[in-house]
Every structure is written in structure tokens, then in C-alpha cells.
């Protein structure tokens, strides 16, 4: 008791000092960065004061969208401490917990690498783990390394905590093995399976014996209904499933959400099978947090895209459709979704190489850009590594006459918009920091609100 | 001419753009009126490497590398014979390590390699990650700068007298201390520079292509291409290495 009290007191003192500091400064993670530096243990106490506990969401792809869906579902039930700015490192978590003094429930999107530390400190009531794809190997290290870290973190999780896992991802599904409190979700609609695994798919080989998996159905990257013919390791039974899925071009995804609490038809106003996975993760996590099926259907049904993730921006007499691309699996799904809906005739594709983008730009060669190249009439490549994108497309056979290289993002956006006829739509596919910068340009022109002002 | 290419283990070693390097060979060959015939070689498949003009092996994550290592080690004699008879070879990152004599793990374990390059690799504690710029010596007084990215835990130690692929101008290189990167034996090059190495280093791509053409019985003189975008990408990448490369 004494130790805990001391921690809380020290946290409280820091809160006072830090809020003064914030008054002078600002920024989404500044107070958290200070707190994290001065007393990382204070996060434990800040999390412990939330009466409904903390839910954490992690994945290589979809964690921002999944947490935004959860915020929409849980908003009516709980006052949330939600890091909706995408500040998902320990310092961002600290900032969110610090500023949400009257919240009931912590809703934390957490970076894959930061997850073990955050889990250890906030002792989450629910942990949702969505997927593991190769991503920024210069920063995160190899896939197996992240999986090992997650394994240790899950092993230390209290038995009462609920673990939500994607059963369709072998490495992630394995984490729930033997846990009494677990919900496994997956897609169950072989009509939507891809004929072959995509190029450079991850986790193609059995995590038990190393033999190649056979897929009854592969849905997104290596996610699907897998089975190892050599040793029999297979996708576990699903507790939550999406069935009878109807992907309605670029408008919506409609599916039967099958849960232990019953089956409901969900209309998610977001395209893409990968968003069905995000919705499943959100639904399972919401159920574990006592939400009703009605709340889930309503929350998902009224969801709008998280910033930069299939976000539509009005630009006067033209529209911008912005899709973040950050790693091969995510980019492939964004491209697949455009392909199944409608590929905009004009595209701006922007590649930066800062830390948040990954300094190593090699990953663009693992992305299947080819369907875009077949259909796009004009492509403007932009960002600090625009020339690398230009080479990627040129060596894939895209005609030089249809390609423009404009590294400056503002100029590239203007050029892209100028190439679109009145009433038309410009497709913009930026990496993370390029997305933030392009959105900032749009904010400056009054086209969108800054992401930190977005209502849940 | 038809250039016969063996691509080793594309299902296992495909991290970062190994297909991009093949695409560069194909297009640069096609622009000079040649064609590429690529054969994918997976573990267990029959292979006579000397029947190919160019052998390519890419990088993978530790797990995939361990899965193919025994198969590759068995092909050591064949691959050495191919290199001795002039087959061009490019081995990137994990593939480079596997073509040495072997890899010593942190736990002391020994994973035998194919022994094409006179070197050994020892696991290090800290990964060597970052942009790299090399001055590469391709023999016969041909030298060129090569820009890329490295990400490896292994420290590769060349035998004395072995020829490195290049001198490190910025970045870590083979072991972070020697100042050298990669290894070259005849027309076989091993390097840690992964990903789209060839698109932004067209001189290297053409050098390998020329050696492959000679092996196929053709002329190794390739007419120059414009390479405007290639030079731009090279310059940006080289600048990155100079401003933020390792060391």
C-alpha cells in the first residue's frame, strides 16, 4: 500500500509540474515524454486510477483504425482516455493517461515494439493483437523478434485479462494457446480468398515444424485458414467470425458478425477486407469490455475513416482520397481495395524516409503496385525518395511519359489536383510523415480539421 | 542473346526487393536487345549452376535462412565450379553470409555455408543498420560508387588476401571496423547492401550483366543508357549515407 501511495503522490506532483510545462509548450507527446523520462513508474498509477481499466490494441497494420472503431463503439458507454493522435509509444500513452483525468476506460493504441513495456505497466484488462507483417525492419528488427517480445509480454499478463487474437495469423494465434481468457477472431468466407499468396508473404512456413502451410483460404497477405500437412498445426476454432461478406466497391463492407453473443449483420462504411479484420478485432475487444451487439453494430455502422486511412477530403471542386501506405502488406491491401473499387486516373504517391516512415525504402519493391500501374493514366511521385518510386515504376514498365517526379509535397499535390478534371478524384498514397505533411497542407487550406481535434 | 539466370530460393529469401534486382537485369538486358530466362530454384531442386550465366541469391529473415542453409551448403562444390568458369553471381545480405564458409551463432552454433567466398560470419551483439556508400573495385581498374542500405547482425571476416567488394565511404560494412564491405571472387559479388541495390546502382547492374553475357558467349560491351532517374536516386541515397550512415 505504502509503495503504491508514494508512486501516486509522485505522479500527482508530476501532473502539476507537467501541466504547467504543457501550458508553455504543447504537442501531443511532450508531457508524456517528460513523465516517461522522470518517472516511468507513474504510468502504472495513472492507469490504475481508471475505474473500467485499460484496453490496448496492437498490430503491424490496422491498430489506429481498430482503436478508432472501438472509440466509436464504446464512446456512449465510457469516458475514454484514447490516444487518437496516433502517439502510440510509451510517451504517447503517458500523455494520454496524464491528460484524461475524468476518464473511465483507457483505450490505447500501442506500437508493436513498445507493447511489452506498456502492457507491463498498465496491466490491461483486454489486449487485442491483430497481425504481424514485415514492417520497418531497420527499426523493429525481424518479425520473429517482435513475436518473441509479444510472447513474453502475454505470458506475464494476469490470467483474468482477456486476450483477443487474430486466429488467421499463425504467429498471433499461437499467443492465445492455453489461455483460459481468449477470444479468437477470423474471416470465414472462402469466396473471398485470393488464388495465391501475395509476393513476399510472411509466415508461410509452419511455426511448429517449418513445413509450408497449405491454405484453405488466404485472405489478406498470409492471414487466412491455414493448415500444415506435415504436423497438423492449423488455424484454431473461431470465437468470432465474419461470414457472407459483401465488399461494396469503395463504399462499404457488409458482413455477418458471428459472436458467442449471437449473429448480427454489420454494414461498415469502409472498403477493404482488411477493414473487416479491423472490425472483427474491434468487435471482439468491445464484447470483452461489456459492449452489446447493438452498440457494436451501431458503432461500426457510423464509423468514418481514421485520419489518412481511406480518408476523403473535399478540395473545392475536386476530391482527394488519401490512403496511408507504410509497409508491403498494408500497401498491397490499399491497392487491392482501389483495384476492386475504382483506381483513380491520377495518383500522387509519396515516399519519405524519416524514422517514422522507415529509413530503409527497400520495402517499396515488395509492394505489388502493378495493378495501379496498369490502370493509372498519370502518376506523380513525390517525397524525399521520389526518385526511388520512379525507378520502381519505370522498371515495372510504367511509361515515362505518364510519370512525373516532384519531390516537394505541396507542388506534387497541386500538380495532381491540376491533372484531375472538375468533379474528379485524386488518389493520394503517402507514407506516414508524408501523409501528416499532406494533411497539414490540407488543414492550412481549410479542407480538413487537424487530427487532434477529431471527435470520437 | 538469351541470358540464363538461376534465382535461388525466391520463396524463402525474398525480403526486400530481391525481385527488383531481377527486374533490373531483365529491363537493362531488354533495352540492349537481350533477354533473360529466369529459373527459380527451391530446396531439393536439381541445379547445375555452371549451366547458368548469372546466379542470384537474396536475403531472408533468420528463420527462412536456416531453412535453406543445409540445401545450399550441399551445392557448394557446384557453385564454386560455376564461379571458376565465369558464371556471374550476386549474393545479397543473408545470401552473402550463406555463401561464405559458415555462420557462428551467438550460442556458439555453427551453420555451414557453401564456401564460395573466402570468409566467415560471426553473430554480433548489435545490428549494423543504416545507409551505406561504397567505392567498389570491380577489377581491371573499373571502380564505381555503390549506394544502399545495410541491416545485419553478422560480422563478416574476410580471409587475408580476399578481395572485398568495396571500400566503405560511409556506413558500417562487413564488420563495422575493417572499413571494407562485401567480397568479390571473379564475377561473383557478395554484399550486405540489400533491397533495390541495382536500380540505383546501374553501373554495378551492367557490370554483372556484361559478365553474364560473356559467359553466354556474347560481347560484354553494353551501350550506355540515359539513367537519369537512376543517377538521381543514387545521389539521394549517397547523400543519406554521408549524412546519416552508420559509424
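Tell me the residue from B:233, B:238 that is away from chain A (no Cβ under 11 Å), outside any loop (DSSP other than H, G, I, E, B) and under 21 Å from residue B:191 (Cα atoms), please.
It is B:238.
Considering only residues of segment A:208-229 that are within 17 Å of residue A:130 (Cβ to Cβ) and outside any strand (DSSP E or B), which is nearest to the chain's Cα centre (by Cα)?
A:221
Against the condition buried (at least 24 other Cβ atoms within 10 Å of the Cβ), outside any strand (DSSP E or B) and either within 14 Å of chain A (Cβ to nearest Cβ) or modelled with pLDDT of 95 or more (or both), how does residue B:204 come out, does it pass?
It is true that residue B:204 is buried (at least 24 other Cβ atoms within 10 Å of the Cβ), outside any strand (DSSP E or B) and either within 14 Å of chain A (Cβ to nearest Cβ) or modelled with pLDDT of 95 or more (or both).
Out of the residues in segment B:128-140 meeting the condition of being within 19 Å of the chain's Cα centre (by Cα) and surrounded by fewer than 19 Cβ atoms within 10 Å (Cβ to Cβ), tell me which one is farthest from the other protein chains (Cβ to nearest Cβ).
Filtering segment B:128-140 for residues that are within 19 Å of the chain's Cα centre (by Cα) and surrounded by fewer than 19 Cβ atoms within 10 Å (Cβ to Cβ), the one farthest from the other protein chains (Cβ to nearest Cβ) comes out as B:139.
Taking segment B:145-183, which residues are within 14 Å of another protein chain (Cβ to nearest Cβ) and either farther than 26 Å from residue B:206 by Cβ or outside any loop (DSSP other than H, G, I, E, B) (or both)?
If the condition is that a residue be within 14 Å of another protein chain (Cβ to nearest Cβ) and either farther than 26 Å from residue B:206 by Cβ or outside any loop (DSSP other than H, G, I, E, B) (or both), then B:147, B:148, B:149, B:150, B:151, B:152, B:153, B:154, B:170, B:172 are the ones that fit.
Identify the residue in segment B:35-50 that is touching a strand residue (DSSP E or B) at 6+ places or on another chain (Cβ under 7 Å) and either within 14 Å of chain A (Cβ to nearest Cβ) or in contact (Cβ under 8 Å) with a residue 40 or more places away in the chain (or both) and, among all such residues, is nearest to residue B:127 (Cα to Cα).
B:40
Does residue A:338 satisfy the criteria of being surrounded by fewer than 24 Cβ atoms within 10 Å (Cβ to Cβ) and either in the same structural domain as residue A:192 (by TED's automatic domain parsing) or in a helix (DSSP H, G or I) (or both)?
So residue A:338 does not fit the description; no.
Please find, within segment B:184-196, the residue that is nearest to the other protein chains (Cβ to nearest Cβ) out of those that are more than 9 Å from the chain's Cα centre (by Cα) and either assigned to a loop (DSSP other than H, G, I, E, B) or crowded, with 24+ Cβ neighbours inside 10 Å (or both).
The selected residue is B:195.
Could you pull out the residue among A:116, A:124 that is within 24 Å of residue A:148 (Cα to Cα) and in a loop (DSSP other than H, G, I, E, B)?
A:124
Would you say residue A:257 is under 23 Å from residue A:301 (Cβ atoms), more than 14 Å from every other protein chain (Cβ to nearest Cβ), outside any strand (DSSP E or B) and touching a residue at least 12 places away in the same chain (Cβ under 8 Å)?
Details: under 23 Å from residue A:301 (Cβ atoms): yes; more than 14 Å from every other protein chain (Cβ to nearest Cβ): yes; outside any strand (DSSP E or B): no; touching a residue at least 12 places away in the same chain (Cβ under 8 Å): yes.
Against the criterion (under 23 Å from residue A:301 (Cβ atoms), more than 14 Å from every other protein chain (Cβ to nearest Cβ), outside any strand (DSSP E or B) and touching a residue at least 12 places away in the same chain (Cβ under 8 Å)), residue A:257 does not qualify.
Might you let me know whether segment A:372-391 holds any residue that is within 23 Å of residue A:202 (Cβ to Cβ), more than 10 Å from chain B (Cβ to nearest Cβ) and touching a strand residue (DSSP E or B) at 6+ places or on another chain (Cβ under 9 Å)?
Within segment A:372-391, one or more residues are within 23 Å of residue A:202 (Cβ to Cβ), more than 10 Å from chain B (Cβ to nearest Cβ) and touching a strand residue (DSSP E or B) at 6+ places or on another chain (Cβ under 9 Å).
Here is a list of conditions, (1) without any contact (Cβ under 8 Å) to a residue 60 or more places away in the chain; (2) not in a loop (DSSP other than H, G, I, E, B), and residue A:363 meets all of them except one; can you say which number that is?
Unmet condition: (1).
The values are calculated or read from the model by the stated rules, or taken from the named source; none is laboratory data. Here the structure is a predicted model, which is why all the values come from computation and not from measurement. Positions of Cβ are generated from backbone atoms using ideal geometry, with glycine treated the same way; all protein chains shown enter the neighbour counts.
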